[in-house]
1. Between (i) 1.55; (ii) 2.11; (iii) 1.22, which matches Cα Rg over 2.2 N^0.38 Å calculated for the structure shown?
2. Taking all protein chains as present, what is the carbon and sulfur share of the accessible area of the chain, in % to the nearest whole number, probe 1.4 Å?
3. Apply the Karplus parameterisation 6.51 cos²θ - 1.76 cosθ + 1.60, with θ equal to phi minus 60°, to every residue of segment 22-38 and state each ³J(HN,Hα) to the nearest whole Hz, in sequence, with x for glycine and proline.
4. So for the pair Thr11, Asn27, with labels modelled 7 Å out along Cα→Cβ, what separation do we get in nm?
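The values are calculated or read from the model by the stated rules, or taken from the named source; none is laboratory data. Here the structure is a predicted model, which means the values were calculated and not measured. Note that each Cβ is placed from the backbone with ideal geometry, even for glycine, and that neighbours are counted across all protein chains shown. These accessible areas exclude ligands, DNA and RNA; they are computed on the full protein's heavy atoms, side chains included. Shrake-Rupley method; radii C 1.70, N 1.55, O 1.52, S 1.80 Å.
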Amino acid sequence: MTDNEPKWDYTTKEGNFAAGAAVVGGNLLVLVIYILYRTVPSVHHFIIGR
């Protein structure tokens, strides 16, 4: 790659870490909500709106 070619990769190590942490955190949140939905009756009723 020469100096006059455009650089298209604008990602940083910190940006990749933040995006990965957001994905992992979101998955954990969904998993916890699902477990509570299946095991705690009040959470189940709150989610379905009864």
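1. (ii)
2. Numbers: 3230 of 4820 Å².
C and S atoms contribute 67 percent here.
3. After applying 6.51 cos²θ - 1.76 cosθ + 1.60, I find 5, 5, 5, x, x, 5, 5, 4, 4, 5, 5, 4, 5, 5, 5, 4, 7 Hz.
4. 1.6
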